[in-house]
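Colleague: Once you've had a glance at the structure underneath, I'll fire off some questions.
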């Protein structure tokens, strides 16, 4: 999928003579969607620090991630209400550690963990320059996340990101989550553009990039780790948000917007 930024032209007189068709012109890029956690905000680093502070050890993050992914999948499948996901996930995690806690203790653990997270949110260094460029380029911006609305909106506000976004799509509020095409199409509908006029950037290859591609958007994988291997067809990869403007200018053929120096 390729995009171009169209320039207004004067009305043309219709010529009914048969002529060879002109070159195909790619659609206009009107919207860039961005995931939040581990795309804009270094969620993993903050999560690791908070969990280690609570349990006194640093080796349990992979277990926490696995249990979290399992519970989020149940939410996406409609098997679990989003409001119940966090305490259920935390209780399951504690039981894996051999701790069988009452609900009050689970809720206290979650409350303390979230407070520690709020204190340690950090933006990646490439975020603000990229958002400034996108805003100056005149495209609409949307934040699209599968995480909790209250916490995500608070993060965007606390870190000064809310001012950039024309729309924030929260899975828990919409009742649908990435990679479901409905999630991406809802954002496009809200901002008045076709999926072919939008691109989505996120750190999850399948959830973000492939999901966006399958929904008809441009799919861009933010692979900060530089993972080896072939990319799925129709998916672009960048290793930093500093590379996004050049991708939009070159690979997506955006005309009239200068490439960053």
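Colleague: Condition check: closer than 27 Å to residue 71 by Cα and at pLDDT 95 or above. Does residue 101 satisfy that?
Modeller: Details: closer than 27 Å to residue 71 by Cα: yes; at pLDDT 95 or above: no.
It is false that residue 101 is closer than 27 Å to residue 71 by Cα and at pLDDT 95 or above.
Residue-wise test of (1) in a loop (DSSP other than H, G, I, E, B); (2) modelled with pLDDT of 95 or more; (3) touching a helix residue (DSSP H, G or I) at 6+ places or on another chain (Cβ under 7 Å).
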| residue | (1), (2), (3) |
| --- | --- |
| 52 | no, yes, no |
| 74 | no, no, no |
| 84 | no, no, no |
| 117 | no, no, yes |
| 141 | no, yes, yes |
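Colleague: Mind checking whether some residue in segment 177-190 is modelled with pLDDT under 95 and either touching a strand residue (DSSP E or B) at 6+ places or on another chain (Cβ under 8 Å) or buried (at least 24 other Cβ atoms within 10 Å of the Cβ) (or both)? If you could, list the steps in order and put the result at the bottom.
Modeller: Keep residues of segment 177-190 that are modelled with pLDDT under 95, which gives 177-180.
If we keep only those that are either touching a strand residue (DSSP E or B) at 6+ places or on another chain (Cβ under 8 Å) or buried (at least 24 other Cβ atoms within 10 Å of the Cβ) (or both) as well, we get 177-178.
Scanning segment 177-190 turns up at least one residue that is modelled with pLDDT under 95 and either touching a strand residue (DSSP E or B) at 6+ places or on another chain (Cβ under 8 Å) or buried (at least 24 other Cβ atoms within 10 Å of the Cβ) (or both).
The values are calculated or read from the model by the stated rules, or taken from the named source; none is laboratory data. Model, not experiment: these values are computed from the prediction. Cβ: placed from backbone, ideal geometry, glycine included. Neighbour counts: every protein chain shown.
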